[in-house]
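Chemist: Encoded as structure tokens, here's the structure I'll be asking about.
The values are calculated or read from the model by the stated rules, or taken from the named source; none is laboratory data. All values reported here derive from a predicted model rather than from experimental measurement. Methodologically, a virtual Cβ is constructed for each residue, glycine included, from the backbone with ideal geometry; neighbour enumeration extends over all protein chains shown.
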Amino acid sequence: MIWVNVIIQGILVGGFYALFACGLSLMFGVLKVINLAHGDMAVVAAYVAVLLSPHLHIAMLWSFLVVVPIFGLLGYVLQRTLIQRSIDRDPFTTLLVTFGLSVVIENLLLELYTANGRTVDIGSIIAQSWHPGSIVYISYVSLVVLAIAVLVLAILQLFLSKSRTGRLIRAVADDREAAQLSGANYKHIFGIAAAIAFATVALAGIAYGMMTQFAPTSGGVNLLFAFEAVVIGGIGSLWGTLVGGIALGVAQQFGAHLNPQYQVLAGNLLFLAVLAVRPQGLFGKKTALA
Amino acid sequence: MGEHILQVRDLTVHHGQLCAIDNVSFELNRGEVLTMIGANGAGKSTLLRTIAGLHHPSSGEIVFEDVDVTRWQPHKRVSKGISLVPEGRRLFSSMTLEENLMVAAGQSRSLPFTVERVYELFDWMPSRRKQRVWQLSGGEQQAVAIGRALVANPKVLLLDELSLGLAPIIVERIYALVPEIVSQGVSILIVEQDVAQGVMVADRVHCLLEGRTSLTGTPADLTSEQIDQAYFGADMAKGSLSAEASE
């Protein structure tokens, strides 16, 4: 029964990792940009939710309705200005620029709001859980976050495979030049992909703030877990990211069960094992056009 | 509007230090098939890519339907009516045959080339439209690449090295479609290493040698000796680079 609980807790936290990681996966898959400020964007979204809600006289629980669209817009604008300019220079510039952005954001948050931890306050729901077995407790909040992650991934998958814009995003990801020759304005498509990535990371940031405390420097460690989830699942596969996130979560819970110190280590070991045995990830594709 | 649908004036293109296209001028008439021939490195592909907007010229102009499009983005040229079938086909490898076509398909249904119309042109396609393109043979992939360019409803179709890596019989079949496409009011600019094939479908031939025009004329006017000379530059040693043939 103990192991059942470990697996369940791993799946719950894995859902959050997948929600956090899908924007990263999209940015890398379509724009070929590794956004090192991805984690910090989530933290900024959580701060915006906390600070904006009192002004708007809404419960923090519903702040995502405002924050997510703002971040979508921010993603588009940031892509069309700063990120596109660094893409135009060369791929390494994007690493430097997003790293710089990360440093600026963390220090700005420290300067403005101190290093104290904060939470997105959702009242007493946070402490409630479903208790299906003797030692199994399933937090409602974690369960809702997992459900949101699955829902977001399903909608994103449907959007990418069925809609015209989604098709253009995939075309640009496959071959940017050929997409241009088919009439796609790739910079606009990049902007849309970045908007989706930022919207999902805002959702993930608020979810994080609901589940636990966040501080200006919380982004880094979550970015690492998101990277691992993407690589384990396989780059370019959304469901792979979900499976990767869950595999990472379960591994971490197993490690933590053996010894709390082993939590992160166990996740990293799984990550290294996947890289060694199956570098393209569990659902990654090796096939290329002949 | 003039009789020229596309005019290239004094075009010079550099790849870094290398001058790939050196002061080339020509025009494409409405409803015409013009074939560019030349050896590897003559600058043919660069020329087509520059017309499609993927390279920026160092100097010169590209005029399409009396509008200077030299500085336009590639996607804008596509919507105006210039489509390139790129060398190596460049299909979207993660997509099905039908999705490849739908990426480029216009919203209007009244234009001559819709996805359905392409399926009529290539009757094997409907039964395989759900297949991923990497499962198709080279010739089939080339057909999809042509179909993808057609559904954008170009007025000028640029075909880059259709014969590359394909069996002669397949190449012949693909070139057999050219008259059909022209009959829909499309003008075609072909770049081809396979001289015989390229010259056969052409109304006019333009030969490039090391980035310069070495010969122009109609297939009927040109002898194979002239073409050989223009293609290989056998004359260069004697110092007369261009053997301009009278049209």
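Chemist: Quick one: is residue B:93 surrounded by fewer than 22 Cβ atoms within 10 Å (Cβ to Cβ), in contact with a Leu (Cβ under 6 Å, 6 or more places away or on another chain), among the hydroxyl-bearing types (Ser, Thr, Tyr) and within 14 Å of chain A (Cβ to nearest Cβ)?
Modeler: Yes, satisfied.
Chemist: Which numbered condition in (1) touching a residue at least 40 places away in the same chain (Cβ under 8 Å); (2) exposed (fewer than 14 other Cβ atoms within 10 Å of the Cβ) is the only one that residue A:151 fails?
Modeler: (1)
Chemist: Only one of B:78, B:24, B:33, B:69 is more than 13 Å from chain A (Cβ to nearest Cβ), in contact (Cβ under 8 Å) with a residue 40 or more places away in the chain and touching a Gly at 6+ places or on another chain (Cβ under 8 Å); which?
Modeler: Checking each option against the conditions leaves just B:24.
Chemist: Return the residue satisfying two criteria in turn: it lies in segment B:1-36 and is within 13 Å of residue B:212 (Cα to Cα) and in contact with a His (Cβ under 7 Å, 6 or more places away or on another chain), and of such residues it is surrounded by the fewest Cβ atoms within 10 Å (Cβ to Cβ).
Modeler: In this case the residue turns out to be B:26.
Chemist: Being more than 30 Å from residue B:137 (Cα to Cα) and part of a loop (DSSP other than H, G, I, E, B) is the requirement here; does residue B:221 meet it? I'd like the intermediate steps shown before the answer.
Modeler: Numbers: more than 30 Å from residue B:137 (Cα to Cα): yes; part of a loop (DSSP other than H, G, I, E, B): yes.
For residue B:221, the condition - more than 30 Å from residue B:137 (Cα to Cα) and part of a loop (DSSP other than H, G, I, E, B) - is met.
Chemist: Could you tell me how many of the residues in segment B:135-175 are away from chain A (no Cβ under 12 Å), aliphatic (A, V, I, L, M) and under 16 Å from the mean Cα position of the chain (by Cα)?
Modeler: Of the residues in that region, 8 qualify.
Chemist: Additional query: State whether the residues of segment A:24-37 include one that is of a type in the set (Ser, Thr, Tyr), under 22 Å from residue A:218 (Cα atoms), modelled with pLDDT of 95 or more and within 18 Å of the chain's Cα centre (by Cα).
Modeler: Within segment A:24-37, none of the residues are of a type in the set (Ser, Thr, Tyr), under 22 Å from residue A:218 (Cα atoms), modelled with pLDDT of 95 or more and within 18 Å of the chain's Cα centre (by Cα).
Chemist: Across segment A:87-106, what is the total count of residues that are without any contact (Cβ under 8 Å) to a residue 40 or more places away in the chain, surrounded by fewer than 20 Cβ atoms within 10 Å (Cβ to Cβ) and part of a helix (DSSP H, G or I)? Don't jump to the end; show me each part of the working.
Modeler: So the first thing to find is which residues in segment A:87-106 are without any contact (Cβ under 8 Å) to a residue 40 or more places away in the chain, and the list is A:88-90, A:92-93, A:96-97, A:100, A:103-104.
Keeping just the survivors that are surrounded by fewer than 20 Cβ atoms within 10 Å (Cβ to Cβ) gives A:88-90, A:92-93, A:96, A:100, A:103-104.
When the remaining residues are screened for being part of a helix (DSSP H, G or I), the result is A:88-89, A:92-93, A:96, A:100, A:103-104.
Number satisfying all stated conditions: 8.
Chemist: So, one more: Would you be able to say whether some residue in segment B:60-67 is surrounded by fewer than 15 Cβ atoms within 10 Å (Cβ to Cβ), more than 15 Å from the chain's Cα centre (by Cα) and within 29 Å of residue B:180 (Cα to Cα)?
Modeler: The answer is yes; a qualifying residue exists.
Chemist: From the list A:255, A:249, which one is more than 14 Å from every other protein chain (Cβ to nearest Cβ), surrounded by fewer than 24 Cβ atoms within 10 Å (Cβ to Cβ) and at pLDDT 95 or above?
Modeler: A:255
Chemist: Can you tell me how many residues within segment A:107-145 are surrounded by fewer than 13 Cβ atoms within 10 Å (Cβ to Cβ) and modelled with pLDDT of 90 or more?
Modeler: Number satisfying all stated conditions: 7.
Chemist: Conditions first: (1) within 22 Å of the chain's Cα centre (by Cα); (2) without any contact (Cβ under 8 Å) to a residue 40 or more places away in the chain; (3) within 14 Å of chain B (Cβ to nearest Cβ). Residue A:160 passes all but one, so which condition is the exception?
Modeler: (2)
Chemist: Considering B:88, B:38, B:60, which residue is in contact (Cβ under 8 Å) with a residue 60 or more places away in the chain, touching an Asp or Glu at 6+ places or on another chain (Cβ under 9 Å) and either within 30 Å of residue A:188 (Cβ to Cβ) or within 14 Å of chain A (Cβ to nearest Cβ) (or both)?
Modeler: On the way: B:38 fails: either within 30 Å of residue A:188 (Cβ to Cβ) or within 14 Å of chain A (Cβ to nearest Cβ) (or both); B:60 fails: in contact (Cβ under 8 Å) with a residue 60 or more places away in the chain.
Exactly one residue qualifies, and that residue is B:88.
Chemist: Six or more apart or on different chains, Cβ under 6 Å: which pairs go from a residue in segment B:182-208 that's within 16 Å of residue B:31 (Cα to Cα) and buried (at least 17 other Cβ atoms within 10 Å of the Cβ) to one that's at pLDDT 90 or above and of a type in the set (Gly, Ala, Ser)? Could you list them?
Modeler: B:187/B:31
Chemist: Taking residue A:161, is it over 22 Å from residue A:53 (Cα atoms) and not in a helix (DSSP H, G or I)?
Modeler: no
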